[in-house]
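The values are calculated or read from the model by the stated rules, or taken from the named source; none is laboratory data. Source: prediction; values computed, not measured. Reconstructed Cβ throughout: ideal geometry from the backbone, glycine too, with neighbour counts over all protein chains shown. Areas reflect the complete protein model, heavy atoms only, side chains present, ligands, DNA and RNA absent. Shrake-Rupley method; radii C 1.70, N 1.55, O 1.52, S 1.80 Å.
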Amino acid sequence: MNTIKKIALLSLIIFSALASNAQNGMHEPINYSLKNGMKIIISENVKSQGAFSSFTLNTKAFQNKKDGIVELLNATLNESVSKNDQILFKDNSGRLATNNAQLEKGLTEMATIIQHTDINQKTFDSGKAALLASLKKQDYDYDQTVNENSINAISLSDLNAFYNEISPEKTFLTIAGNVEMDTAKAAVKKAFGNWKKAEKQETAAIAK
């Protein structure tokens, strides 16, 4: 089993544990990929009290990324979800807590934030200030590479460049909880199915 699937399955277990103390209702996870390369894993758990989803970056797919840039991106994206208490960006993922009936709406909102956020000086400064405040409070166990120096070394252009590298084939989505499989698949397709994969660099077609 590759690293991505291992992490995804761990996420499913965590989400299900949060939703219910009993794991007896958990079905065997299914995994597949959208046409754009985004990897999907879904697991039903009829004992769960809700539906939980995690959008995660495969950080190994990004070359030469600066220390702390994923955390800073999350902090900046959170500026776009301040009015939505169901969505939170933390670690290298976006998390959604909802129910089966609202899953499509929640995933669509998350997809919009991931694909169409305008990272400008205002949101950059707000996200940076929030992350530095969190580091100062030590209210989260960040990696040791995420510190004041590494965050201050990241510019707005650095963050936008990293954000623009994100494409579906470098990500995966896990869904777990009291969800209907067909409903979940349809919600995923509607939210992320039209997200285009990165274009491959074209090679010269004309010989010298």
* Would you be able to say whether some residue in the stretch 87-99 is among the aliphatic types (A, V, I, L, M), part of a helix (DSSP H, G or I) and within 23 Å of Gln121 (Cα to Cα)? => no
* Asked: Between a first residue in the stretch 43-59 that is over 9 Å from Phe172 (Cβ atoms) and at pLDDT 90 or above and a second residue that is surrounded by fewer than 22 Cβ atoms within 10 Å (Cβ to Cβ) and among the charged types (D, E, K, R), which pairs have beta carbons less than 8 Å apart while being 6 or more apart in sequence or on different chains?
  -> Ser43/Glu28; Glu44/Glu180; Phe52/Arg95; Ser53/Arg95
* Structure fact -> When Leu96 is run through (1) in contact with a strand residue (DSSP E or B) (Cβ under 6 Å, 6 or more places away or on another chain); (2) aliphatic (A, V, I, L, M); (3) exposed (fewer than 13 other Cβ atoms within 10 Å of the Cβ), the failure sits at (3)
* **Residues satisfying the stated conditions in the stretch 24-54, i.e. open to solvent by less than 80 Å² (accessible area, probe 1.4 Å) and touching a Ser or Thr at 6+ places or on another chain (Cβ under 6 Å)** => Met26, Pro29, Met38, Lys39, Ile41, Asn45, Ser48, Ala51, Ser54
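When you look at Ala75, is it assigned to a helix (DSSP H, G or I) and either crowded, with 20+ Cβ neighbours inside 10 Å or in contact with a Leu (Cβ under 9 Å, 6 or more places away or on another chain) (or both), yes or no?
Against the criterion (assigned to a helix (DSSP H, G or I) and either crowded, with 20+ Cβ neighbours inside 10 Å or in contact with a Leu (Cβ under 9 Å, 6 or more places away or on another chain) (or both)), Ala75 qualifies.
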* Would you please list the contacts, defined by Cβ atoms under 9 Å and residues six or more apart or on different chains, that run from a residue in the stretch 121-143 that is under 12 Å from Gly68 (Cα atoms) to a residue that is at pLDDT 95 or above and open to solvent by 100 Å² or more (accessible area, probe 1.4 Å)? => Leu132/Glu148; Leu135/Glu148
